[in-house]
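What follows is one structure encoded as structure tokens, with my remarks underneath.
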Ligand SMILES: NC(=O)c1ccc[n+]([C@@H]2O[C@H](COP(=O)([O-])OP(=O)(O)OC[C@H]3O[C@@H](n4cnc5c(N)ncnc54)[C@H](OP(=O)(O)O)[C@@H]3O)[C@@H](O)[C@H]2O)c1
């Protein structure tokens, strides 16, 4: 299983302003994102992004023979039942949650299942156990997942040592505050933080962003 994180960030590493405005991407960046969606078997966002942006997560900007599964990471199963993800092609949607979330929101779990949404319960408490979730996804034939953030979701993956590749577009804006690319308690020392090496750097044709591919060094 390959886990790819794709984020579009300001120069100071923010993916949204303090008011939650996340419209940072140029057309080239959006096309790259959609290429990555097309190359992936499942595309995921965290519950925070699902609530704020209500994305459809379809591949639209590039030709693609097969739409990937689209889903939300939501340990408490707190997202509304009428998100676009569940209204539009619900049979291609999934929720990565926990037994805790399913117990707590039993009616929602039943409703979503009845719409054809797949619920994967990985973990007993409110936190998704990524190792279990990845195992479950792999057992369904999923070989690559694309995680589009937000910051807390990316941190949960980083903390679980599960990120193989980061595709980050750095946009020539300085936001000063807002949601970081990776938002969590972090590490005490540089030594214990996971390492990545740049494998490709591209200047976007708009002349205002740089896209960098970072590969995990083991
Ligand atoms: N520029 C970009 O590329 C980009 C991309 C995506 C999003 N964004 C922006 O980022 C902001 C949202 O980011 P965010 O960091 O606040 O939220 P987020 O990462 O989208 O969602 C975080 C929430 O998802 C749930 N979650 C994530 N990982 C989990 C895990 N391992 N186990 C259990 N639950 C998990 C948790 O819900 P609970 O709180 O219920 O535990 C958590 O608080 C929005 O403003 C959005 O527009 C920007």
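What follows is calculated from the coordinates using simple rules that are stated; it is not laboratory data. Please read these numbers as outputs of a predicted model, since none were measured by experiment. Cβ placement follows ideal geometry from the backbone for every residue including glycine, while neighbour counts extend to all protein chains displayed.
Miscellaneous remarks
- Among the residues of segment 153-175, the one identified as farther than 15 Å from residue 214 by Cβ and in contact with a helix residue (DSSP H, G or I) (Cβ under 6 Å, 6 or more places away or on another chain) is 160.
- Failed item in (1) touching a residue at least 40 places away in the same chain (Cβ under 8 Å); (2) in contact with a strand residue (DSSP E or B) (Cβ under 9 Å, 6 or more places away or on another chain), with residue 112 passing the rest: (1)
- Qualifying residue in segment 157-176 (condition: within 8 Å of the ligand (Cβ to nearest atom), farther than 18 Å from residue 30 by Cα, surrounded by 20 or more Cβ atoms within 10 Å (Cβ to Cβ) and in contact (Cβ under 8 Å) with a residue 60 or more places away in the chain): yes
- When 186, 150 are checked against the criterion of being under 24 Å from residue 74 (Cα atoms), surrounded by 11 or more Cβ atoms within 10 Å (Cβ to Cβ) and away from the ligand (no atom under 13 Å from the Cβ), a single residue qualifies: 186.
- Checking the stated criteria, residue 174 turns out not to satisfy the condition of being assigned to a loop (DSSP other than H, G, I, E, B) and either within 19 Å of the chain's Cα centre (by Cα) or within 21 Å of residue 217 (Cα to Cα) (or both).
- Annotation: residue 94 fulfils all but one of (1) out of contact with any helix residue (DSSP H, G or I) (no Cβ under 7 Å at 6 or more places or on another chain); (2) in contact (Cβ under 8 Å) with a residue 40 or more places away in the chain; (3) within 20 Å of residue 173 (Cβ to Cβ); the unmet one is (3).
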